[in-house]
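Below is one structure, written out as structure tokens; the observations come after it.
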Amino acid sequence: MPATLPILHDFPLASLNTFRLPARARHYLRVEGAAELEALRRHPSLAALPRLVLGGGSNLVLTRDVDGIVLHMAGQGREVLGRQDGRILVRARAGENWHGFVGWTLAQGLGGLENLSLIPGTVGAAPIQNVGAYGTETRDVFHSLSAFDMASGALHTLTAADCRFGYRDSLFKQPEGRALVVLDVTFSLPADWQPNLRYAELARAVEAAGLAAPTPRDIGAIVEAIRRRKLPDPAEIGNAGSFFKNPVVSREQCAQLLARHPDMVHHAQPDGSEKLAAGWLIDQCGWKGRALGAAGVYPKQALVLVNLGGATGEDVLRLARAIQADVAAKFGVALEPEPVFI
Ligand SMILES: Cc1cc2nc3c(=O)[nH]c(=O)nc-3n(C[C@H](O)[C@H](O)[C@H](O)COP(=O)(O)OP(=O)(O)OC[C@H]3O[C@@H](n4cnc5c(N)ncnc54)[C@H](O)[C@@H]3O)c2cc1C
């Protein structure tokens, strides 16, 4: 079996990451499911190589070539599993396009994922950083997932508790979760759907649309329209979405910052901490619309770094570091990047 693995060599990755950063993979394998992963694990020379699991490449900054093997998750398929405790369970394989999957659930008349419309990438990657937008996170609609353990060869089923979801965080980002490759994800959608309009901008847009009883599809369309207005389309401008996480600071630090910057954007968290808006901090440092070489800050949204044409991962890194240094100097706040750096 290992001898038949369709490995490609010196494989270009520029078209497989939405930042369109140039890099090559020493080896490349399209993965449909557990069979290829098991064969790889038993392969005499390839098993020990460093691995990069790749979905849609929309949360990656490739700063160098991958001196190992890229596992490109390609498994397709989605199905409604049925009802359980007033919820409807739907499952999709890891390589399914996320937005396509969301649209498919909405077309079935199922609500729950509409606030997560138009997020690039794959279903398998959604739990990795607990993808979230407009007041909904993956964990809110998550049931379980199947993952192949490259270390032991075991196939695991993980619940939400097992996944240890946090803000743009999960088990899979920790050392003990790094050997897990997500094969499929099951979502638990409400049978009795209510719109989630906790996010003020979305609530305003729904009100402005004048819909007395919006459907999940209506909300999805409104989310799409907002996102198209605000965010660059990776098909036109290379980017990886929000480049930094919104920093969380103590109530005391927030109060000190507010004394100096009374209009600073901040949101109280249930645990008493305060979440600041990274985009606002970057904007205040004068970075919105500015460039450093071929990498720049998107003029309509300071949280998004873009490839202005021909940028390398090093260009993006240099810009990110300059922004981090300015925000730290002005506000004493450390910005942590959201994408995965290779
Ligand atoms: C324009 C734009 C807007 C965005 N908006 C949002 C947003 O609103 N909210 C948000 O949360 N994110 C957003 N993102 C980030 C990104 O879309 C998500 O993080 C998405 O889930 C990444 O999916 P992917 O398949 O492209 O993952 P990749 O970039 O391919 O991989 C990301 C990480 O997940 C790992 N991974 C991928 N698939 C698997 C798997 N099957 N098993 C194990 N590990 C895996 C990779 O190894 C890597 O570490 C945005 C990105 C862009 C470009």
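The values are calculated or read from the model by the stated rules, or taken from the named source; none is laboratory data. In this text the structure is predicted, and so the values were computed from the model without any measurement. As a convention, Cβ positions derive from the backbone with ideal geometry for all residues, glycine included, and neighbour counts pool all protein chains shown. With ligands, DNA and RNA removed, areas are computed over all heavy atoms of the protein, side chains included. Shrake-Rupley method; radii C 1.70, N 1.55, O 1.52, S 1.80 Å.
Only one residue in Ala268, Ala259, Ala294 is modelled with pLDDT of 95 or more and either within 30 Å of Asp65 (Cβ to Cβ) or open to solvent by 60 Å² or more (accessible area, probe 1.4 Å) (or both). Which one?
Criteria check complete, one pass: Ala294.
Given the condition within 23 Å of Gln324 (Cα to Cα), in contact with a Gly (Cβ under 9 Å, 6 or more places away or on another chain) and within 16 Å of the ligand (Cβ to nearest atom), answer yes or no: does some residue in the range 226-236 qualify?
yes
Could you check the range 42-62 and list, in sequence order, the residues that are more than 16 Å from the ligand (Cβ to nearest atom) and either assigned to a loop (DSSP other than H, G, I, E, B) or in contact with an Asp or Glu (Cβ under 9 Å, 6 or more places away or on another chain) (or both)?
Hits for the range 42-62 are His43, Pro44, Ser45, Leu46, Ala47, Ala48.
Condition check: open to solvent by 10 Å² or more (accessible area, probe 1.4 Å) and either among the small types (Gly, Ala, Ser) or within 13 Å of the ligand (Cβ to nearest atom) (or both). Does Asp65 satisfy that?
No, not satisfied.
Looking at Leu81, Leu13, Leu52, Leu71 in this structure, which one is of a type in the set (A, V, I, L, M, F, W, C), more than 25 Å from Gly153 (Cα to Cα) and in contact (Cβ under 8 Å) with a residue 60 or more places away in the chain?
Checking each option against the conditions leaves just Leu81.
Scan the range 221-244 and tell me whether some residue there is within 25 Å of Ala23 (Cα to Cα), touching a residue at least 24 places away in the same chain (Cβ under 8 Å), in contact with a strand residue (DSSP E or B) (Cβ under 6 Å, 6 or more places away or on another chain) and open to solvent by 50 Å² or more (accessible area, probe 1.4 Å).
Checked against the condition, which is being within 25 Å of Ala23 (Cα to Cα), touching a residue at least 24 places away in the same chain (Cβ under 8 Å), in contact with a strand residue (DSSP E or B) (Cβ under 6 Å, 6 or more places away or on another chain) and open to solvent by 50 Å² or more (accessible area, probe 1.4 Å), the range 221-244 yields at least one hit.
It is to be established whether one or more residues within the range 147-166 are within 22 Å of Leu52 (Cα to Cα), over 16 Å from the mean Cα position of the chain (by Cα) and within 9 Å of the ligand (Cβ to nearest atom).
Looking for residues that are within 22 Å of Leu52 (Cα to Cα), over 16 Å from the mean Cα position of the chain (by Cα) and within 9 Å of the ligand (Cβ to nearest atom), one finds at least one in the range 147-166, hence yes.
Val316 versus (1) modelled with pLDDT of 95 or more; (2) assigned to a loop (DSSP other than H, G, I, E, B): which is the lone unmet condition?
For Val316, the exception is condition (2).
Which residues, counting only those in the range 38-52, are open to solvent by 40 Å² or more (accessible area, probe 1.4 Å) and under 16 Å from His9 (Cα atoms)?
Correct list: Ser45, Pro50, Arg51.
Pull up the range 93-104, narrow it to residues that are open to solvent by less than 10 Å² (accessible area, probe 1.4 Å) and away from the ligand (no atom under 11 Å from the Cβ), then point me to the one that is nearest to Arg204 (Cα to Cα).
Of everything passing the filter in the range 93-104, Val102 is nearest to Arg204 (Cα to Cα).
Here is a list: Arg217, Arg198. Which entry is open to solvent by 60 Å² or more (accessible area, probe 1.4 Å), at pLDDT 95 or above and not hydroxyl-bearing (Ser, Thr, Tyr)?
Unique residue meeting the criteria: Arg217.
Looking only at the range 105-135, filter to residues that are closer than 21 Å to Asp192 by Cα, out of contact with any strand residue (DSSP E or B) (no Cβ under 6 Å at 6 or more places or on another chain) and open to solvent by 10 Å² or more (accessible area, probe 1.4 Å); which one of those is farthest from the ligand (Cβ to nearest atom)?
By that ranking, first place goes to Gly109.
Could you list, in sequence order, the residues of the range 283-312 that are among the β-branched types (Val, Ile, Thr) and without any contact (Cβ under 8 Å) to a residue 40 or more places away in the chain?
Val297
Given the criteria open to solvent by less than 70 Å² (accessible area, probe 1.4 Å) and over 21 Å from Leu52 (Cα atoms), does Ala74 qualify?
no
Does Asp192 fit the bill of being open to solvent by 20 Å² or more (accessible area, probe 1.4 Å) and either more than 23 Å from Gln76 (Cα to Cα) or in contact with a Cys (Cβ under 9 Å, 6 or more places away or on another chain) (or both)?
Here the answer is yes, as Asp192 does meet what is asked.
Taking Ala14, is it open to solvent by 30 Å² or more (accessible area, probe 1.4 Å), among the small types (Gly, Ala, Ser) and either modelled with pLDDT under 95 or under 18 Å from the mean Cα position of the chain (by Cα) (or both)?
Criteria not met by Ala14.
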